[in-house]
Amino acid sequence: MNIQNNTIVHLDLDTFFVSVERKGNSALIGKPVIIGGLSDRGVVASCSYEARRFGVHSAMPMRMALNLCGDAIVIRGDMDQYTKYSRLVTDVIADSAPVYEKASIDEHYLDISGMDRFIGCYKWTHELRNRIISETGLPISFGLSVNKTVSKIATGEAKPNGEKEVPRDFVQPFLNPLPIRKIPGVGDRTRQLLHSMGVYTIQTLSDIPPEMIQNVLGKSGIDIWRKANGIDFSPVVCYSEEKSISTERTFETDTIDIQMLERLLIHMVEKIAFKMRKKQKLASVITVKIRYANYDTHTLQKKIAYTSFDHTLMDTALELFRRLYERRMLIRLIGVKLGGLIGGVQQLDLFDNNDKMIKLYLSMDKIRLRYGSDAIHRASGVEKKEKQAEGRSEKKEKVASPSVQSQMT
């Protein structure tokens with residue numbers, strides 16, 4: 001089947017964090033609300049439409065946001081609540097949709113191609129949207145069209161709390177008059193560069209020869225040109241809570257050194273959290289696994305608020321390990337897995353942190369990207385020098401030539 005003849009739905013919760021807060025406090029309705037760090041050095045994670053009218057937007061320093069909108073109500077945010085409602089919405093979608101992809105904490109793509117044989121696609125999506133609103137109390141918008149790009153742009157035009165269908169024959173007339181910033185993947189730098197060339201609308205961009213766009217923007221230019229022409233071949237990838245990143249280590253000599261095991265666990269979490277951030281993912285489930293010397297294998301998992309920060313994940317991993325390791329037997333293997341992955345960036349997790357934390361993570365990840373994932377570690381995951389000196393002769397007995405398995409599933 002030609003994917004351009006498919007029927008793709010994009011569902012996006014309107015100002016999701018703010019909407020969840022308004023469910024618990026109706027006094028916030030109609031007022032400018034900012035979700036984020038409470039200090040002057042905090043960062044905006046989300047904001048209401050009322051605050052956006054003053055120029056406030058996500059990832060903006062809180063001090064700047066309050067300068068623009070001094071009457072805004074600032075709320076620290078509750079990632080546990082946002083994760084809970086995100087899962088509720090996903091459950092409603094999973095109960096109805098044949099194929100769906102959870103693209104982020106507040107948006108989903110659905111492939112309902114062929115649904116017209118049973119019920120009109122627009123009617124079906126309208127009923128699903130009403131069911132989500134009824135069961136969660138959250139406003140949500142959708143776009144319905146031939147592929148992900150056009151559907152996502154249609155959703156943006158339908159907001160707030162609306163619906164928009166763009167039939168195949170109307171894709172280009174719909175896209176043409178829109179500003180280029182509406183194209184997914186066109187950031188500020190690309191937009192400014194195209195503006196300097198006199199390109200302001202999608203129609204102008206779509207009329208430019210693709211070779212010229214590629215010369216200006218590189219390989220990404222072809223992708224942007226295709227989107228401007230309503231072309232997007234990316235499929236809806238089936239979502240599964242089992243999607244995960246994991247690592248485990250088997251010891252040649254079984255061990256009962258608890259301090260070493262906890263340091264190793266911290267180091268493992270740090271490495272796979274970095275991999276997750278590189279892929280711009282957030283995890284909502286963490287699992288710890290141990291295998292005793294007699295090959296008995298035990299796992300324990302815990303659902304958590306969506307995050308990509310290893311300092312948050314480490315505490316949960318250590319908690320699970322301490323609950324799991326109760327037999328005081330020699331251990332042959334230890335592992336950790338981060339699951340329930342969705343698309344997202346770490347700023348979602350910054351309600352209680354300031355821009356220093358952002359800069360710290362960015363700096364550490366930059367070093368790792370340049371020099372390798374082992375270039376920098378937390379002190380808690382590294383054995384003290386004096387102990388290393390004492391234990392050099394024992395190293396072979398403890399963790400000699402460990403075999404490491406790391407995989408994406």
- Index of the failed condition, Ser196 passing every other in (1) over 30 Å from Tyr82 (Cα atoms); (2) loosely packed, with under 14 Cβ neighbours inside 10 Å; (3) touching a helix residue (DSSP H, G or I) at 6+ places or on another chain (Cβ under 8 Å): (3)
- Conditions (1) in contact with a helix residue (DSSP H, G or I) (Cβ under 7 Å, 6 or more places away or on another chain); (2) in a loop (DSSP other than H, G, I, E, B): number failed by His57: (1)
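Quick grid of which residues meet (1) in the same structural domain as Thr297 (by TED's automatic domain parsing); (2) over 30 Å from Ser113 (Cα atoms); (3) in contact (Cβ under 8 Å) with a residue 12 or more places away in the chain:
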{"site": "Leu193", "(1), (2), (3)": "no, yes, yes"}
{"site": "Leu205", "(1), (2), (3)": "no, no, yes"}
{"site": "Glu211", "(1), (2), (3)": "no, yes, no"}
{"site": "Trp225", "(1), (2), (3)": "no, no, yes"}
{"site": "Phe251", "(1), (2), (3)": "yes, yes, yes"}
{"site": "Gln259", "(1), (2), (3)": "yes, yes, no"}
{"site": "Arg263", "(1), (2), (3)": "yes, yes, yes"}
{"site": "Met268", "(1), (2), (3)": "yes, yes, yes"}
{"site": "Arg277", "(1), (2), (3)": "yes, yes, yes"}
- Residue pairs meeting the criteria (Cβ under 8 Å; at least 6 apart or on separate chains; first at positive phi, in region 8-25; second in a helix (DSSP H, G or I) and not basic (Lys, Arg)): Thr15/Tyr49
- Could you tell me which of the residues Ile140, Ile133 is crowded, with 19+ Cβ neighbours inside 10 Å and under 22 Å from Ser48 (Cα atoms)? Ile140
- Query: Within the bounds of region 290-299, is there any residue that is under 24 Å from the mean Cα position of the chain (by Cα), of a type in the set (Ser, Thr, Tyr) and within 16 Å of Gly339 (Cα to Cα)?
  - Reply: no
- Task: Identify all residues within region 269-279 that are out of contact with any helix residue (DSSP H, G or I) (no Cβ under 9 Å at 6 or more places or on another chain) and farther than 15 Å from Gly340 by Cβ; write none if there are none.
- Result: Lys275
- Message: Can you tell me how many residues within region 64-89 are at pLDDT 90 or above, of a type outside the set (S, T, N, Q) and either within 12 Å of Val20 (Cβ to Cβ) or in contact with a Lys or Arg (Cβ under 9 Å, 6 or more places away or on another chain) (or both)?
- Response: 11
- Task: Please give the number of the condition Glu101 fails out of (1) of a type in the set (D, E, K, R); (2) modelled with pLDDT under 95; (3) more than 30 Å from Met276 (Cβ to Cβ).
- Result: (3)
- Task: Considering only region 16-34, state which residues are surrounded by fewer than 24 Cβ atoms within 10 Å (Cβ to Cβ) and among the polar types (S, T, N, Q).
- Result: Asn25, Ser26
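Conditions (1) aliphatic (A, V, I, L, M); (2) surrounded by fewer than 22 Cβ atoms within 10 Å (Cβ to Cβ); (3) not assigned by TED's automatic domain parsing to the domain that holds Thr15, marked per residue:
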residue	(1), (2), (3)
Gly36	no, no, no
Arg52	no, yes, no
Ala59	yes, yes, no
Ala72	yes, yes, no
- Condition test on Tyr306, is it touching a Lys or Arg at 6+ places or on another chain (Cβ under 9 Å) and among the aromatic types (Phe, Trp, Tyr)? no
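Per-residue answers, yes or no, for (1) farther than 30 Å from Asn294 by Cβ; (2) surrounded by fewer than 14 Cβ atoms within 10 Å (Cβ to Cβ):
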position	(1), (2)
Phe233	yes, yes
Val236	yes, no
Ser244	no, no
Thr250	no, no
Asp254	no, no
Ile258	no, yes
- Could you pull out the residue among Glu21, Glu50 that is within 27 Å of Asn67 (Cα to Cα), out of contact with any Leu (no Cβ under 9 Å at 6 or more places or on another chain) and outside any loop (DSSP other than H, G, I, E, B)? Glu50
- Query: Mind checking which residues of region 280-323 are more than 30 Å from Ala103 (Cβ to Cβ), free of Cβ contacts under 8 Å to residues at least 40 places away in the same chain and either buried (at least 16 other Cβ atoms within 10 Å of the Cβ) or aromatic (Phe, Trp, Tyr) (or both)?
  - Reply: Tyr295
- Inside region 221-263, the number of residues satisfying the requirement of being over 24 Å from Leu333 (Cα atoms) and not hydrophobic (A, V, I, L, M, F, W, C) is 12
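Okay, residues lined up against (1) among the aliphatic types (A, V, I, L, M); (2) farther than 28 Å from Arg277 by Cα:
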position: Arg226; (1), (2): no, no
position: Ile231; (1), (2): yes, yes
position: Lys243; (1), (2): no, no
position: Ser246; (1), (2): no, no
position: Asp257; (1), (2): no, yes
position: Leu261; (1), (2): yes, no
- Query: Just one of Lys152, Lys164, Lys148 is more than 30 Å from Lys275 (Cβ to Cβ), crowded, with 19+ Cβ neighbours inside 10 Å and of a type in the set (Lys, Arg); which is it?
  - Reply: Lys164
- Only one of Met115, Met64 is among the aliphatic types (A, V, I, L, M) and under 30 Å from Ser234 (Cβ atoms), namely Met115
- Message: Restricting to region 63-80, name every residue that is assigned to a helix (DSSP H, G or I) and within 19 Å of Tyr49 (Cα to Cα).
- Response: Arg63, Met64, Ala65, Leu66, Asn67, Leu68
- Any idea how many residues of region 45-61 are hydrophobic (A, V, I, L, M, F, W, C) and modelled with pLDDT of 90 or more? 4
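The values are calculated or read from the model by the stated rules, or taken from the named source; none is laboratory data. Since the model is a prediction, treat every value here as computed from it, not as a measurement. Positions of Cβ are generated from backbone atoms using ideal geometry, with glycine treated the same way; all protein chains shown enter the neighbour counts.
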